[in-house]
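K.L.:
Attaching a single structure in structure tokens format; questions to follow.
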Amino acid sequence: MVLEDRMISVQMLERQLMMQNEMRERQMAMQIAWSREFLKYFGTFFGIAAVSLTAGAIKKKKPAFLFPIVPLGFVLTYQYDMGYGTLIQRMKGEAENILETEKSKLQLPKGMITFENLEKARREQSKFFIDK
């Protein structure tokens, strides 16, 4: 009986983990899809801006008109890398590196939250409301 309960518990945990992973994958897919969609609109804007700024620079003989193309180019490149490039894989690799080598940077202030800390805070908060 105890073994059966434990097996059911493990199965429920596995299902919950699978569901959480499925949700994470869907969120990542939405983020990549958003980047691809944004890239279409921003790419069009960038193309029109680049042609217009280049024409203005030639017409007015002021190369300073070309300056906005540089930061806009960085945004375009980032969005392309996010939607079609290797940015996600590089970010994943960096996150894995942080988890392995810089664990101390991930710790919460005052350490991990415990049930006792939550109960203490809850009691203090309820005492605060009762006193008023």
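K.L.:
With a point put 7 Å past each Cα toward its Cβ, work out how far Gln31 is from Glu96 in nm, to one decimal.
P.N.:
My value for the distance between the label points is 1.6 nm.
K.L.:
With the alpha-carbon atoms as the only input, what is the per residue convex hull volume for region 80-132 in Å³?
P.N.:
Dividing the Cα hull volume of region 80-132 by its residue count gives 143 Å³.
K.L.:
Once the cut-off is 16 Å, how many percent of the Cα-Cα pairs in region 48-103 end up in the long-distance tail?
P.N.:
Of all Cα-Cα pairs in region 48-103, 60 percent lie more than 16 Å apart.
K.L.:
Suppose R0 equals 22 Å; then what is the FRET efficiency for Leu17 and Ile88 from their Cβ-Cβ distance, rounded to the nearest 0.05?
P.N.:
Calculated value: 0.55.
K.L.:
Ok, one more. Check cross-link reach from Lys105 to the lysines: straight Cα distance under 19 Å, and skip same-chain residues fewer than eight apart.
P.N.:
Cα-Cα hits under 19 Å: Lys92.
K.L.:
Given that just one value was derived from the coordinates, which of (i) 92; (ii) 100; (iii) 267 is volume of the Cα convex hull per residue in Å³?
P.N.:
The value computed from this structure is option (iii).
K.L.:
Right, something else. Along the positive direction of the dipole of the chain (beta-carbon charges: Lys, Arg +1; Asp, Glu -1; about the Cα centre), which of Gly93, Ser52, Ser104 reaches farthest?
P.N.:
Ser52
K.L.:
Can I ask one more? How about region 1-99: which GluC sites (Glu not before Pro) there are in a DSSP loop, with at most 14 other Cβ atoms within 10 Å of their Cβ?
P.N.:
none
K.L.:
Straight distance only, please: which lysines reach the Cα of Lys127 with their own Cα at less than 29 Å, same-chain residues fewer than 8 apart left out?
P.N.:
Lys110
K.L.:
Could you look at region 32-132 and say what percent of its accessible area is carbon and sulfur, using a 1.4 Å probe and all protein chains?
P.N.:
Roughly 67 percent of what the probe reaches on region 32-132 is carbon or sulfur.
K.L.:
Turning to a different aspect of this structure: Before anything else, pin down the relative contact order of the chain: Cα pairs under 8 Å, at least 6 apart, normalised by residue count, whole percent.
P.N.:
Value for the chain: 21 percent.
K.L.:
Treating the angle as unsigned and between 0 and 90°, give the value, to the nearest 10°, between the Cα long axis of helix 87-101 and the longest Cα principal axis of the chain.
P.N.:
40
K.L.:
Limiting things to C-alpha atoms, what are the Rg and the maximum Cα-Cα separation (Dmax) for region 19-81, in angstroms?
P.N.:
When restricted to Cα atoms, region 19-81 yields Rg and Dmax of 17.0, 60 Å.
K.L.:
So what's the back-of-envelope 222 nm ellipticity for the chain, counting only DSSP H runs of four-plus at -39500 (n - 2.57) apiece and dividing by all residues, rounded to 500?
P.N.:
-29000 deg cm²/dmol
K.L.:
Next question, about the same structure. As I understand it, the value is the acute angle between the Cα axis of helix 2-60 and the longest principal axis of the Cα atoms of the chain; what does it come to in degrees, rounded to 10?
P.N.:
The helix 2-60 is inclined about 20 degrees to the chain.
The values are calculated or read from the model by the stated rules, or taken from the named source; none is laboratory data. Source: prediction; values computed, not measured. Reconstructed Cβ throughout: ideal geometry from the backbone, glycine too, with neighbour counts over all protein chains shown. With ligands, DNA and RNA removed, areas are computed over all heavy atoms of the protein, side chains included. Shrake-Rupley method; radii C 1.70, N 1.55, O 1.52, S 1.80 Å.
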